[in-house]
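Below: the structure, in structure tokens.
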Amino acid sequence: QVQLVESGGGLVQPGGSLRLSCAVSGSIFNINVMGWHRQAPGKQRELVAAIISSGGTNYAESVKGRFTISRDNAKNTVYLQMNSLKAEDTAAYFCNVDVQNTYGTFRTYWGQGTQVTVSS
């Protein structure tokens, strides 16, 4: 079984920063892609950022230059550093990982979500 525990969400002022963390535990042989999605009220869930095992990254255009995704492979943890936050960044943020089990099969797992609210 694989568990994802997210942390770091909260209420911040516009222009502020938050750092989200997602720790993956359980039966893990390897983790390929790790990423973050978000879902704002009345909107569909969208990809925010993703990072592959070698360190390559992808970002949504709306967060480029403001958000940075990183990972600690030894800790099976992915981070999302969010700077210069805007009101439109307000959403529930969901960690997403592609986990390889000991049989070599990859499966996607989702975190429960952590709320980020940007407001004065």
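The values are calculated or read from the model by the stated rules, or taken from the named source; none is laboratory data. On a predicted model such as this, the values are computed, not experimentally measured, just so you know. Note that we place each Cβ from the backbone using ideal geometry, even for glycine, and neighbour counts take in every protein chain shown. All accessible areas refer to the heavy atoms of the entire protein, side chains included, with ligands and DNA or RNA removed. Shrake-Rupley method; radii C 1.70, N 1.55, O 1.52, S 1.80 Å.
The table below gives the values:
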read-out	value
Full-extension gain in nm, residue 19 to residue 3, via 0.36 nm per residue minus C-alpha separation	3.8 nm
Probe 1.4 Å, protein heavy atoms only - accessible area per residue of the chain in square angstrom	54
For the stretch 1-91, the spread of Cα positions along each principal axis, largest first, Å	39, 24, 23
Sequence-distant residues sharing a close amide H with residue 90 (under 5 Å, placed H)	118
Environment charge of residue 37, counting only residues whose C-beta is closer than 11 Å and scoring Lys/Arg +1, Asp/Glu -1	+1
Under 5 Å, built H, 5+ apart or other chain: amide partners of residue 16	85
